[in-house]
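We did not get these values from a lab; they are worked out from the coordinates using the rules stated. Predicted model only: the values in this text are computed from it and were never measured. All Cβ positions, even for glycine, are placed from backbone atoms using ideal geometry, and neighbour counts span all protein chains on display.
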Amino acid sequence: MPNKRPLLLGAALLAALILPGCRPPRAVLGPVPSEIREIEGDASLKITRNGETSRTRFAFVLEMSRRGRVVVTDFLGGSAAEFVLVGDDGYLVLPTKKVYWKAGPAEIIEKLLGFPLTLDEMAGLICGRWPAGAGDRGPFREWSFERDGDGRTRAGRKGGLEFTVGEFFPGSPVPRIVDFRDALGSGRLTVRGIEFNGPGAESAFRLDFLGAFSPKSWGEIAAILRHED
């Protein structure tokens with residue numbers, strides 16, 4: 001992986017979003033369906049880069065291979081940043097500033113997690129479900145996986161990125177704690193609660209904000225996150 005990357009959200013926005021509390025976690029609604037079409041829940045994230053550690057919490061709704069939305073909340077529970085993924089487009093939105101940055105989905109996800117992933121790779125990391133044949137062919141051919149005696153995905157690697165499941169939800173193949181690392185640092189994703197194949201929220205993926213918000217470059221967004229605006 002390259003040794004240098006643009007300013008990560010974890011180094012700017014996440015550092016400002018250390019939350020004292022959030023909505024209560026929801027238990028995994030079991031059993032996990034054989035076909036996962038949609039996942040919804042909330043999680044916490046810790047990222048360490050250059051010796052500095054930042055923490056935040058976010059809610060997510062992801063429709064497999066289609067679209068997703070992640071909302072990072074501030075200390076009052078309001079939306080501090082939103083990541084909207086629709087098809088081949090991704091948006092990092094700062095609602096209070098009424099601005100957004102448009103890029104590819106993997107580039108947008110990199111600002112959240114610290115490394116680029118596709119929508120389905122992010123969903124796999126959260127829910128532990130990787131398509132049959134992953135690691136052999138198709139869009140997941142770059143991955144290699146380790147599975148335990150119950151067939152659960154225990155660890156995975158793609159290039160310099162690797163993850164390990166530290167804990168599963170009891171009686172479930174769904175990870176509760178996922179540790180990851182690459183050449184630039186490490187992190188921990190803790191899934192606080194998750195639901196599968198719910199009715200979804202069509203409004204979560206609306207792009208109405210584009211008409212009222214101003215487009216910005218990543219440099220301009222990064223300056224806002226550093227409070228230089």
Note to self: C-alpha centroids of segment 40-67 and segment 147-182 sit apart, in Å, by 16
At R0 = 35 Å the Cβ-Cβ FRET efficiency linking Glu107 and Asn197, nearest 0.05, sits at 0.80
Log entry: pair-distance distribution for segment 165-212, C-alpha pairs binned every 5 Å from zero, whole % per bin is 5, 15, 16, 13, 12, 14, 15, 8, 2, 0
Contour minus Cα-Cα span, Thr96 to His227, at 0.36 nm per residue, comes to 45.9 nm
Expressed in angstrom, Rg and Dmax over the Cα atoms of segment 190-229 are 16.2, 41
Toy charge model, Lys and Arg Cβ at +1, Asp and Glu Cβ at -1: segment 186-229 dipole around Cα centroid in debye, rounded to 20, equals 220
The simple spin-label model distance between Phe205 and Asp182, using points 7 Å out along Cα→Cβ, in nm, is 2.5
Per its Cα gyration tensor (rounded if a/c is under 1.5, else prolate when a/b beats b/c, else oblate), segment 97-213 is best filed as prolate
Rounded to one decimal in nm, the spacing of the 7 Å Cα→Cβ label points at Arg55 and Glu35 is 4.0
In terms of the charge dipole of segment 135-220, which places +1 on Lys and Arg and -1 on Asp and Glu at the beta carbon, the residue among Pro175, Asn197, Phe163 farthest towards the positive end is Phe163
Where a ≥ b ≥ c are root eigenvalues of the Cα gyration tensor, a/c under 1.5 meaning rounded, otherwise prolate if a/b exceeds b/c and oblate otherwise, segment 84-126 counts as prolate
With 0.36 nm assigned to each residue of separation and the Cα-Cα distance removed, Arg147 to Thr164 gains 5.1 nm
